[in-house]
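What follows is a short report on a single structure.
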Amino acid sequence: MKRLAIVLLLAAAFLSGCQEETAETIYLYEVNPVDIREEGADKNSLKTDLEFISLAYSDLYGSTPTDQELINLVTAYNTMGDKELVADIVIRNLLNNERADVPTAQAMRADVSTFISETYKRFYVREPSEYERWFMEDLITNDPNVTPEIIYYAFLTSNEYRFF
Amino acid sequence: MNRRNFLKRGSLLAASGLVMPYILPSGRLFAKTMSRKVNHVVFCLFAGGIRNIESVHQNEGNLMPALLRGQGSTMPGLQPVPRSPRPRPLQEEGTLFKEMRYAQGPTGHFNGHTVAITGQYTNTGLNLQENPQSPTVFEYYLKHNSPSQTALNAWWISNALGPYPALNYSKHPSYGAQYGANHLAPTQLFAPGVYPAISNPKQFQFHEEEAIGKVRNFLNDNFSKQAAGNGAGIVQSAADRQKISDFTQSLIAKAASGGLNDPIGMPSRLANNDVYTITFAEEVISEFKPELLAVNMTDVDVCHQNYTQYCNNLRKADYAVAHLWSHIQSTPGMANDTVMVIIPEHGRNLEGNSIADAYGRFAIDHTSDPTSREIFGMILGPPGVIAQNKTVGTAANPVGETIDMVPTIANLLGFDAPEVKSILPGRALTEAFA
């Protein structure tokens, strides 16, 4: 018993000595490493005209266009040299159809967070980042002019939507 | 300062005034270029493959009474075409190049168009899905014209799609989409089935547009890549884009109200794509008064299957071109200040193929035989600018080639800068100048 007490005493002395040594450690105060890549950074492939129009159609209508519908849409797209302009006209036309699956403003404002998640998943095939979620929530909550159609149209005509 | 120094300094100052750029009152850098002869050029590709035998040689009688002098045709099977709106054949309002040549390369429609629009022969096979390698006349104009203009002043109106939309700009590293023309294929845009895809766009109110801008800017700020560039069409400002959007919607409204029935005075039962294409070119002219507009017609290419219909379509194209010229002359700002340049892209073979039409006439292809390289040209314009009622070139002594069209247009509009001339192998057809 006496021997055990001596061992414990020596061990305590050793450990306390160690603690004294660690007291000299330099502490670094810094944030944890954060991945600062932009959301959607892995999207590198530009959609072809056919893919762009076909996906816009299916993202809005929930079904793929028939062959004839696709031919008509691509023909319309090819008839004008300003692709940004004609894409805009085609998208506005798709949006202005009762087949477009667009929630009401009331439904959007009833659950803004879900609306934002579903919109990002529908058009960007990803979840929004925290920052994106915060910005969109703030915008929808504080700007009564913002409607689901406006959000959908902005997504469909944004740069990220043109990439896979 | 002695006399020698005075003269030296004076001559240097004068020389610098000739070559140095200067600042306009607007603040824009104004680089001096060659002087203009006119402020507008309309380049009409009377295309689809037309033999000189049926056009200027008039072997079937005069199938082009609106353009050419000569006894009318009595060929059986011809459809009625309205009389020319001009009081005399167009050849009397300019210079006829009776024998020109498409000298090199395959006599294909897209090859021919590419040569005419770029001023460069193409001897290699063309990738139909790609823009040409050499700069187009639109790019030369938009890059080198001074003061610089926007694409609202440069239009390419094509009769069909396929490869033709790709002719509004090239893949040339020093040019490209940023100098591209506005392209429109109106007969395709307004085709049944296609038309509904663009005819009812959602209209946002001003405050909604502001909200859209806010959202889109946020989205684009969070994504570094852009869909712009050579694959994304031409580049123009939002304001210009809006003008074209408004113009397109006005055309849609006009078509819906029947305003485009019986186009350019031709009954709709007779009107073909060429006639409608010219109709829309006239609409662009009325709206934008462009400095450079190119338009093509291709319906005579029915000649691969039906010779008589080829002759009918030749007559319709003839009428349409005269109507276009008449429209220009009734458009304030363009009347008496426009030159119209007309050429087919190539001819057709001497020998027919094996397909006979209802009248027993054989159809004709175009496979690069010597006859398929024979074309005509016509340059119309104000008397002080273009030589009137003049004919140049004979079969034994042809004058002018397809590659001369771009240098001629560059000279007329004054963008034939040394950099342009150094690229182009052709020459301005000065024989047509007054």
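When you scan the stretch B:262-271, do you find a residue that is surrounded by fewer than 19 Cβ atoms within 10 Å (Cβ to Cβ), at positive phi, in a helix (DSSP H, G or I) and in contact with a Pro (Cβ under 8 Å, 6 or more places away or on another chain), even just one?
Among the residues of the stretch B:262-271, at least one is surrounded by fewer than 19 Cβ atoms within 10 Å (Cβ to Cβ), at positive phi, in a helix (DSSP H, G or I) and in contact with a Pro (Cβ under 8 Å, 6 or more places away or on another chain), which makes the answer yes.
Can you tell me which residue among B:367, B:391, B:371 is on the phi < 0 side of the Ramachandran plot, surrounded by fewer than 24 Cβ atoms within 10 Å (Cβ to Cβ) and assigned to a strand (DSSP E or B)?
Exactly one residue qualifies, and that residue is B:391.
From the list B:87, B:76, which residue is farther than 18 Å from residue B:321 by Cα and either not in a helix (DSSP H, G or I) or not basic (Lys, Arg) (or both)?
The conditions single out B:76.
Taking only the stretch B:105-120 into account, find how many residues are part of a loop (DSSP other than H, G, I, E, B) and at pLDDT 95 or above.
So the answer is 2.
For residue B:259, state whether it is in contact with a His (Cβ under 8 Å, 6 or more places away or on another chain) and either more than 7 Å from chain A (Cβ to nearest Cβ) or surrounded by fewer than 17 Cβ atoms within 10 Å (Cβ to Cβ) (or both).
Against the criterion (in contact with a His (Cβ under 8 Å, 6 or more places away or on another chain) and either more than 7 Å from chain A (Cβ to nearest Cβ) or surrounded by fewer than 17 Cβ atoms within 10 Å (Cβ to Cβ) (or both)), residue B:259 does not qualify.
Which residues, taken from the stretch B:154-181, are of a type outside the set (A, V, I, L, M, F, W, C), facing another protein chain (nearest Cβ under 10 Å) and in a loop (DSSP other than H, G, I, E, B)?
Result: B:158, B:162, B:169, B:180.
Just one of (1) within 24 Å of residue B:294 (Cα to Cα); (2) buried (at least 18 other Cβ atoms within 10 Å of the Cβ) trips up residue B:419, so point out which.
Here residue B:419 meets the rest and fails (2).
Does the stretch B:281-290 include one or more residues that are farther than 30 Å from residue B:362 by Cβ, at pLDDT below 95 and aromatic (Phe, Trp, Tyr)?
Within the stretch B:281-290, not a single residue is farther than 30 Å from residue B:362 by Cβ, at pLDDT below 95 and aromatic (Phe, Trp, Tyr).
Determine which member of the set B:191, B:197 is in contact with a helix residue (DSSP H, G or I) (Cβ under 6 Å, 6 or more places away or on another chain), of a type in the set (A, V, I, L, M), facing chain A (nearest Cβ under 8 Å) and closer than 28 Å to residue B:260 by Cα.
Exactly one of B:191, B:197 is in contact with a helix residue (DSSP H, G or I) (Cβ under 6 Å, 6 or more places away or on another chain), of a type in the set (A, V, I, L, M), facing chain A (nearest Cβ under 8 Å) and closer than 28 Å to residue B:260 by Cα, namely B:197.
On the basis of being under 19 Å from residue A:161 (Cα atoms), hydroxyl-bearing (Ser, Thr, Tyr) and in contact with a helix residue (DSSP H, G or I) (Cβ under 7 Å, 6 or more places away or on another chain), does residue A:77 make the cut?
yes
Being touching a helix residue (DSSP H, G or I) at 6+ places or on another chain (Cβ under 8 Å), within 16 Å of residue B:302 (Cβ to Cβ) and crowded, with 16+ Cβ neighbours inside 10 Å: is that true of residue B:357 here?
So residue B:357 fits the description; yes.
Write out, first by first residue and then by second, each pair whose Cβ atoms fall under 6 Å of each other, whose residues are 6+ apart or on separate chains, and whose first residue, in the stretch A:83-99, is facing another protein chain (nearest Cβ under 7 Å) while the second is buried (at least 22 other Cβ atoms within 10 Å of the Cβ) and in a loop (DSSP other than H, G, I, E, B).
What qualifies is A:83/B:233; A:89/B:198; A:93/B:198.
Can you name the residue in the stretch B:201-224 that is at the interface with another protein chain (Cβ under 7 Å from one of its Cβ atoms) and loosely packed, with under 14 Cβ neighbours inside 10 Å and is also farthest from the chain's Cα centre (by Cα) among such residues?
B:207
Within the stretch A:122-151, can you find the residues that are of a type outside the set (A, V, I, L, M, F, W, C), in a helix (DSSP H, G or I), more than 19 Å from residue B:206 (Cβ to Cβ) and at the interface with another protein chain (Cβ under 10 Å from one of its Cβ atoms)?
Of everything in the stretch A:122-151, those that are of a type outside the set (A, V, I, L, M, F, W, C), in a helix (DSSP H, G or I), more than 19 Å from residue B:206 (Cβ to Cβ) and at the interface with another protein chain (Cβ under 10 Å from one of its Cβ atoms) turn out to be A:124, A:131, A:132.
The values are calculated or read from the model by the stated rules, or taken from the named source; none is laboratory data. Computed from a predicted model, the values in this text were never measured in an experiment. Here Cβ is always computed from backbone atoms with ideal geometry, including for glycine, and neighbour counts include all displayed protein chains.
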